[in-house]
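First comes the structure, then the notes that go with it.
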Amino acid sequence: MSAGQFLEPAAGFGLLRQFARREKPPLEKCDLCAVGLRPDHPHLIELAKRRLVCACDGCALLFSGQIMKYKRVPRRVLALPDLNLTDGEWNGLMVPISMAFFFHSSLERRPIAMYPSPAGATESLLGLESWNDIVGRNPVLAGMQSDVEALLVNRLGYSRGYSELEYYLLPIDECYKLVGLIRLHWKGLSGGTEVWQELGKFFTSLKSRSSKVNALPRTAEEAHA
């Protein structure tokens with residue numbers, strides 16, 4: 001038996017592996033009508049369960065601007081470098097990982113503060129008075145859409161002394177994407193190297209896609225500029 005006969009099966013398996021690598025992943029489908037979706041498809045939020053729903057353009061359009069069972073998640077990402085959130089307000093949340101997101105629930109008629117954790121999204125304490133004070137100092141938050149937009153606060157680098165505070169007004173699906181990222185990559189007590197690398201990529205991408213706006217009231221000089 002020749003050496004070539006021993007090599008043929010190995011070569012065959014090599015071709016199979018190459019073919020498998022070329023295969024495309026299964027096409028994601030709309031949760032409402034089952035049509036195939038593009039990678040950057042819209043999302044809806046199921047208000048009662050705070051559950052994200054993948055949707056095609058047609059189904060998403062049905063829920064644009066309406067408060068029904070579902071509500072369409074917008075796309076804008078705004079960076080708020082001058083947002084005023086005091087250390088006292090932050091410390092009162094007792095968030096363990098220096099990160100949280102805030103949104104207003106139309107069903108519960110109250111502001112909600114949550115932080116990502118290895119166990120998922122965890123709710124923290126936030127009084128209505130505290131939220132009203134924050135919005136009063138930062139008028140841009142008054143335009144935040146209930147249920148589908150959130151204020152994301154990132155103090156990870158700030159708490160370690162190597163970067164500035166980061167504030168974003170962004171779609172709620174980005175917040176749940178962050179929650180999923182931490183659940184997937186967190187290892188041990190401190191998270192491990194991989195999760196911190198993934199967090200760095202997430203915020204780098206977020207920063208590159210964001211538009212900077214003023215969170216604070218403009219001065220008279222700025223208003224007439």
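The values are calculated or read from the model by the stated rules, or taken from the named source; none is laboratory data. Given the structure is predicted, the values throughout are model-derived calculations rather than measurements. Heads up, the Cβs are rebuilt from the backbone with ideal geometry, glycines too, and the neighbour counts pull from every protein chain shown.
Points to keep in mind about this one:
- Criterion violated by residue 114 - all others in (1) within 15 Å of the chain's Cα centre (by Cα); (2) without any contact (Cβ under 8 Å) to a residue 40 or more places away in the chain; (3) outside any loop (DSSP other than H, G, I, E, B) satisfied: (2)
- Filtered residues of the stretch 28-62 (kept if assigned to a helix (DSSP H, G or I) and closer than 19 Å to residue 174 by Cβ): 60
- Residue check for residue 200: modelled with pLDDT of 85 or more, over 20 Å from the mean Cα position of the chain (by Cα) and among the small types (Gly, Ala, Ser): no
- The set of residues from the stretch 178-197 being part of a helix (DSSP H, G or I) and surrounded by 17 or more Cβ atoms within 10 Å (Cβ to Cβ) comprises 178, 179, 182, 185, 195.
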